[in-house]
1. In the stretch 336-374, what residues are among the hydrophobic types (A, V, I, L, M, F, W, C), open to solvent by 10 Å² or more (accessible area, probe 1.4 Å) and part of a loop (DSSP other than H, G, I, E, B)?
2. Would you confirm whether or not the stretch 151-171 contains a residue that is farther than 30 Å from GLU7 by Cβ, open to solvent by less than 40 Å² (accessible area, probe 1.4 Å) and without any contact (Cβ under 8 Å) to a residue 12 or more places away in the chain?
3. Can we say GLU147 is of a type in the set (Asp, Glu), surrounded by fewer than 21 Cβ atoms within 10 Å (Cβ to Cβ) and under 30 Å from GLY241 (Cβ atoms)?
4. Within the stretch 61-71, can you find the residues that are at pLDDT below 95 and open to solvent by 60 Å² or more (accessible area, probe 1.4 Å)?
5. State whether the residues of the stretch 220-238 include one that is touching a Phe, Trp or Tyr at 6+ places or on another chain (Cβ under 6 Å), more than 21 Å from ILE355 (Cα to Cα) and charged (D, E, K, R).
6. Output the number of the condition that GLY58 fails; it satisfies all remaining conditions of (1) at pLDDT below 95; (2) part of a loop (DSSP other than H, G, I, E, B); (3) more than 19 Å from the chain's Cα centre (by Cα).
7. Looking for something outside any strand (DSSP E or B) and within 29 Å of the chain's Cα centre (by Cα) - is there at least one such residue anywhere in the stretch 15-26?
8. For the stretch 375-402, how many residues meet the condition of being in a loop (DSSP other than H, G, I, E, B) and open to solvent by less than 100 Å² (accessible area, probe 1.4 Å)?
Amino acid sequence: MKYSIQEVIQYVNEEDVKFIRLTFSDVYGNQKNISIMPSELPRAFEYGIAFDASSINGFGDEMHSDLFLRPDPETLAILPWRPEHGRVVRMFCTVNKPNGEIYECDTRNVLKKAIQDAKEQGIEFNFGSELEFYLFKLDENGEPTKEPYDHASYFDLSPADKCENIRREICLGMEKMGMSPESSHHEEGPGQNEIDFRYSNPLTAADDAMAFKTLVRTIAYRNGLYADFSPKPLADKPGNGFHINVSVKDDKGHVKLSQALAGIMEYIEQITVFLNPSENSYERFGMNKAPKYISWSSENRSQLIRIPAASGEYRRAELRSPDPGANPYLAYALLIQAGLHGIKKDLSMPPAAEINFFKASTIDAEKYKELPNNLDEAKKMAKNSEFVKAHLPERIIDIYCN
């Protein structure tokens, strides 16, 4: 449900809400927040709530440290892990400068701009998220260990799958927050899990991906566990992926998926640092179903882009290279812009690669370009990219690439 300002104020007054969390993210997609009391809500909507930005990654220094948070009423959600009496709600915020301008490092606004660019061209994107994570035990001091919660494998059942009840609690919490989980299961790694979302518009999908990680970490900790979303938590086990499902159509209802995918494949090397922003990210590539080559096919999980078996409204493509360290606002914004390029130029996808890259010979693999091999290589490609410069603020590029 999307709320208006007045509906939010009414909800807070009628539903025993005592705290409102104003939520935003730093440039890398780490969620931040400040809590206010209900009496401050009208001021927050009209003027914003000031905060010291100098301690937020990428948000400036002590010389220019005052920024303001203005909540988006449409993003109101209850926090299900907080008490029923004296409830806590959350809203995502726009980050503004003192003069009212939107701050250039507000990555949620970068995504809004991309959505508007698509709308002006009569194109609509939808995204569905698949986020993988490990559950590790805590030590006697409550600190994370690298001991998995269980030793089950792909699609296992209880009692081998000890994570079943945790996933159940997460899915119920998602529903209370207005998210729509489609499915959940144990993944290949010990203590590794995946929960998939129903597709939605890009801004909602990115907000939900942000909220999901907070929800998972909170529920895990309440159960004496640590939820690890890092790309490669265990060196000899499968990494965590952030698989992004994409569907595209124009304002006449015509599917534009292949053209958009061709655009994404053209620029994927140049935007990889924003999809895979850590050194750890590149340890995933080329093993355990994480792609290394720039290719596509139907159903094949060794490819960068997989087009799953589906039809009608469920026809989509799955981009398999991103990991959960990505800022979803930047990831979706760049995928939209690359897709728009492909649609505008009416690009065609290369022939499908009907091979298993994890078993292919060197001769076969040499026919395909590779994703960047490490973080430094990915940074250089982004820093020299005219496409990236055209669609991201210079400050964000500097933070990621220097």
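The values are calculated or read from the model by the stated rules, or taken from the named source; none is laboratory data. What you are looking at is a predicted structure, and each value in this text was computed from that prediction instead of being measured. Here the Cβ is made from the backbone with ideal geometry for all residues, glycine too, and neighbour counts use every protein chain on show. Accessible surface is based on the protein model in full, side chains and every heavy atom, while ligands, DNA and RNA are left aside. Shrake-Rupley method; radii C 1.70, N 1.55, O 1.52, S 1.80 Å.
1. Passing the criteria: LEU347, MET349, ALA352, ILE355, PHE357, PHE358, ALA360.
2. no
3. It is true that GLU147 is of a type in the set (Asp, Glu), surrounded by fewer than 21 Cβ atoms within 10 Å (Cβ to Cβ) and under 30 Å from GLY241 (Cβ atoms).
4. ASP61, GLU62, MET63, HIS64, ASP66
5. Yes - at least one qualifying residue is present in the stretch 220-238.
6. (3) is the only condition that GLY58 fails.
7. Checked the stretch 15-26: at least one residue is outside any strand (DSSP E or B) and within 29 Å of the chain's Cα centre (by Cα).
8. Here is the first cut: in the stretch 375-402, the ones in a loop (DSSP other than H, G, I, E, B) are 384-385, 392-393, 402.
Next cut, open to solvent by less than 100 Å² (accessible area, probe 1.4 Å) only: 385, 392-393.
Matching residues across the stretch 375-402 total 3.
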